[in-house]
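Worksheet: the structure to be examined is printed underneath.
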Amino acid sequence: SIYTLLADGKRQMTDGTDRGVCRVLADYVQTQVCNDIRRDFDGDWRRRQLWNRSYSESRTSDVPAVLLELLSHQNFADMRLGLDPGFQFTASRAVYKGILKFLSDYYDVQYAVQPLPVKDFAARLEGRKAVLSWAPTEDPVEPTATVKGYKVYTRIDSAGFDNGVEVVEPRLTLDIKPGHIYSFKVEAWNDGGLSFPSEILSVGLPTSDATGAPVLIVNNFTRVSGPSWIDGPDFAGLDGRVDCGVPYINDISYVGEVYDFRRDRQWVTNQDAGCGATYEEQPTVVIAGNTFDYPYVHGKALMAMGYPFCSMSAGAFATQKISTNVVDLICGKQVTTMLGKGDKPYRYQVFTAPLRDALTAFAAAGGKLIVSGADIATDAWSDVYPVKKDPEETDACQSFIKSVLGYKFISDHGTRIGSVNGMPFYNAPCTECYCVENPDAIGPASRESRTVLKYDGTSRGAAVWYKASDGHKVASYGFPLETLKSSEDLRQVLSDAFRFLLED
């Protein structure tokens, strides 16, 4: 942290405040940032010195000011973290908390840290009502981040969200009209402000006389991540050819794919940039990431097919009782992801133990299941990141996939041309949708399963249908259905799956 004690030879600001407060602010912010990064990402994160330096930005400010030098774009380990939206959130929230606690101490007033986003969000259908429920997320290191209430926002069809309604309890029931899709998001609030928004869940009734239990869409795609990487003695870099990562909502910083991984290559000029050099064809393109809004995409197709639907998070599905015949599980680009150098718990496993238990119970009751995602097999058999998996957990995941879902791993490179049975899907960074560079190739795990779709260019299996001996059925797809470029293709794939799942 950098602060400035003397400006034009004076140690006082215009109002007479001693500029020594700048050092106090710098200490508050640096302490908070280092503590939070050590807790969440790197236990050995180094705290460097506080600097009294005459930088213009901190010298000319007439209020307490600090410059924070956190990362270097020339440091590969730094960039692996700096491009991770999860790290960006932790670091930015730490800066905010450092400033907040400084102001609280300076003015001798109480402070409250804004809450974390809510969890276990569910949007059920009960007749012509949407029944919403969620749970607050406790902040274990900030006791003042306690929730006081919530704002619930509603969107009808493709319009914008309204200004929201405030509730005190973590639940709300709203009237809905047939023929429309209603989408919801929740923000927690306290005296410190609003949290980040929740994922977006949707419900829909196609007609006034729709009958039967609604299809339940379960959102299991929560991952945000930087790109995959190579880190060896001779070669290192960010390898978007394997996985370019998942931005939070979107990314405006992407320039192009890295092409030079040779550690001994030095920078000479911007045209001969050495190790880490990238193509520069996309500096003005806003790259799509995880919008957390895919139940709406699937629900729109289901509504067109005449099915009512509701949705919930994977956390809610794993803990709540459900009443439905069909579950559509969205896994997107969920995959076990290593943070930093790997001394912290991994994130974003596809089939966690609670989710496996919930899906197993649903299948045992004769449930019908649709599963789609880019790494629904890779996560149990292979690695996108160099993670060290627990052998018992790996065995449990593989056994669950083969016995309950009915498929097995074939390859983590299903195709590179982005097409399955003539249906194109997004396989390169773009504005329209997050991309899948390497979808999973999957195959039947038993005689009760069969391959029903194949990738263009390789003829490897892209989808497997499974009719188990106990009566449950599963339609699994090694690519995220929402990445299909055509809404008609998405509707056709889901229509075929429902014919298989619901036929006698």
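Numbers below:
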{"item": "In nm, spacing of pseudo-spin labels at residue 169 and residue 252 (7 Å Cα→C-beta vector)", "result": "4.2"}
{"item": "Extension gain from residue 47 to residue 321, taking 0.36 nm per residue of separation minus the Cα-Cα distance", "result": "93.9 nm"}
{"item": "Full-extension gain in nm, residue 382 to residue 207, via 0.36 nm per residue minus C-alpha separation", "result": "58.6 nm"}
{"item": "Segment residue 5-residue 158, length gained on full extension (0.36 nm per residue, minus Cα span)", "result": "49.7 nm"}
{"item": "Dipole in debye (nearest 20) - the range 107-266, about Cα centre, beta carbon charges: Lys, Arg +1; Asp, Glu -1", "result": "520"}
{"item": "3J(HN,Hα) from dihedral phi, the range 28-43, Karplus parametrisation 6.51/-1.76/1.60, rounded to Hz, x for glycine, proline", "result": "4, 5, 5, 4, 5, 4, 5, 4, 6, 5, 5, 6, 9, 10, 8, x"}
{"item": "Span per principal axis, largest first, for the Cα atoms of the range 300-348 (Å)", "result": "48, 24, 12"}
{"item": "Hypothetical label at residue 106: residues of the range 42-74 whose amide nitrogen lies under 12 Å (7 Å Cα-Cβ projection)", "result": "62-66"}
{"item": "Hz values of 3J(HN,Hα) by residue in the range 479-486 - Karplus curve (6.51, -1.76, 1.60), Gly and Pro given as x", "result": "9, x, 4, 6, 8, 4, 5, 9"}
{"item": "Dipole of the range 351-504, positive direction: furthest Cα of 445, 429, 374, with charges on the beta-carbon", "result": "445"}
{"item": "Unsatisfied cross-links (Cα-Cα over 19 Å) in the set 119/321; 148/185; 151/185; 333/485; 101/151; 148/344", "result": "101/151; 148/344"}
{"item": "Accessible-area composition of the chain, carbon plus sulfur, in percent [1.4 Å probe]", "result": "50"}
{"item": "Segments 469-475, 216-222, 131-137 sorted - mean Cβ within 10 Å per residue, highest first", "result": "216-222, 131-137, 469-475"}
{"item": "Set of the range 31-68 residues, backbone N closer than 13 Å to the point 7 Å along the Cα-Cβ line of residue 344", "result": "33-46"}
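The values are calculated or read from the model by the stated rules, or taken from the named source; none is laboratory data. On a predicted model such as this, the values are computed, not experimentally measured, just so you know. We place every Cβ from the backbone using ideal geometry, glycine too, and count neighbours over all the protein chains shown. The area values use the complete protein model at the heavy-atom level, side chains included, leaving out ligands, DNA and RNA. Shrake-Rupley method; radii C 1.70, N 1.55, O 1.52, S 1.80 Å.
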